[in-house]
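> Just passing along the structure, written as structure tokens.
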Amino acid sequence: MALPATIYKATINLSDIDRAVYETLTATVARHPSETGERLVARLLAFALFSEEGLTFTKGLCAADEPDIWVRGGDGRVKLWVEVGLPDSERIVKASRHSEQVALLACGRALPSWELQQLPRLAQLANVTVVAIDQPFLTALVQRLERAVSWSVTVTEGICYVTTGDATLETTIRRLGQ
């Protein structure tokens, strides 16, 4: 018998000073049994960092032809395709052909080798943005992860601060390939 997904309810108070975005985001997110805690918190962080009207979580790991998060227009076209992790560059190239904008929150233990092998293939794509965050930051967020996620996220001058409970964690948001 397959294990069920674990449901998380998230409330994120976002103050993205760099983009002048100030809002409270709410989402119900399912964590697939095979999904790591790091990937779940990275998806939540991407939801905040790329926040815009209409941004929604997709079926995730259950739908190979969908990103982690997206914005679809009224005509069904994908306006923003958001990936999390270290996908193969071909997946991002394909997404760039079928959506107006593509964003990747690159994270994971193999990030340095991914940058060397995959990033050069994405450098010429004008509609692709790749940002990276550090693995220790994700690990620290996972240690404070609860089923009712309540974060305060502030982004200023390329630094992301996440307050959860009584702890405030920070990481640099590195733009890759630009």
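Any read-out appearing in this document is the output of simple, stated calculations on the displayed coordinates, not a laboratory observation. What you see is a predicted model; the values in this text were computed from it and never measured. Ideal geometry is used to build each Cβ from the backbone, glycine not excepted, and the neighbour counts take in all protein chains shown.
> Which residue, VAL130, SER113, VAL162, has the largest displacement toward the positive end of the dipole of segment 106-162 when charges sit on each Cβ (Lys, Arg +1; Asp, Glu -1)?
Highest projection toward the positive end goes to SER113.
> To the nearest 0.05, how large is the calculated FRET efficiency for ARG77 and THR163 if R₀ is 41 Å and r is the Cβ-Cβ distance?
That pair, ARG77 with THR163, gives E of 0.70.
> Another one. Using the Cβ atoms and a cut-off under 15 Å, what net charge is assigned to the surroundings of GLY85, where Lys and Arg are +1 and Asp and Glu are -1?
Its environment carries a net charge of -4.
> So if I take the centroid of the Cα atoms in segment 72-109 and the same for segment 141-178, what is the distance between those two points in Å?
One Cα centre to the other: 22 Å.
> Of LYS94, LYS79, LYS59, which has the largest mean-square fluctuation in a 10 Å C-alpha GNM of the chain?
Highest fluctuation of the listed residues: LYS94.
> Based on Cβ point charges of +1 for Lys and Arg and -1 for Asp and Glu, what charge dipole magnitude is obtained for the chain about its Cα centre, in debye rounded to the nearest 20?
Dipole about the Cα centre, nearest 20: 360 debye.
> Just check segment 19-112 against the gyration tensor rule for me: Cα atoms, a ≥ b ≥ c as the square roots of the eigenvalues, rounded for a/c under 1.5, and otherwise prolate or oblate depending on whether a/b exceeds b/c.
Here segment 19-112 falls in the rounded category.
> Provide the FRET efficiency to the nearest 0.05 for the THR156-THR6 pair, computing r from the beta carbons and using R0 = 35 Å.
0.60
> Among residues other than ALA103 whose Cβ falls under 12 Å from its Cβ, what is the net charge (Lys/Arg +1, Asp/Glu -1)?
That works out to -2.
> Taking the Cβ of each residue in THR24, THR171, THR11 as the centre, tally the other Cβ atoms inside 10 Å and list the residues starting with the fewest.
THR24, THR11, THR171
> Among GLU83, GLU66, GLU52, rank each residue by its count of other Cβ atoms within 10 Å, from fewest to most, as a rough exposure measure.
GLU52, GLU66, GLU83
> Right, here's the next one. Compute the FRET efficiency between GLU66 and ARG109 as 1/(1 + (r/R0)^6), taking r as their Cβ-Cβ distance and R0 = 35 Å, and round to the nearest 0.05.
0.90
> Something else about it: Within 10 Å of each candidate Cβ there may be at most 12 other Cβ atoms; applying that plus a DSSP loop requirement, which GluC sites (Glu not before Pro) in segment 125-178 survive?
Counting only loop positions with at most 12 other Cβ atoms within 10 Å, the GluC sites (Glu not before Pro) in segment 125-178 are GLU146, GLU157.
> Semi-axes of segment 6-176's equivalent ellipsoid from the Cα gyration tensor, sqrt of 5 times each eigenvalue, largest first, rounded to whole Å?
Value: 23, 18, 17 Å, ordered largest first.
> Treating each Cα of segment 94-153 as an identical point scatterer and ignoring solvent, apply the Debye formula and state log10 I(q)/I(0) at q = 0.16, 0.22, 0.26, 0.28 Å⁻¹.
Log10 of I(q)/I(0), two decimals: -0.68, -0.93, -1.07, -1.16.
> Right, next: Is it possible to state the helix-based mean residue ellipticity at 222 nm for the chain, with each DSSP H run of 4+ residues giving -39500 (n - 2.57), the sum divided by total residues, to the nearest 500 deg cm²/dmol? What is it?
-6500 deg cm²/dmol
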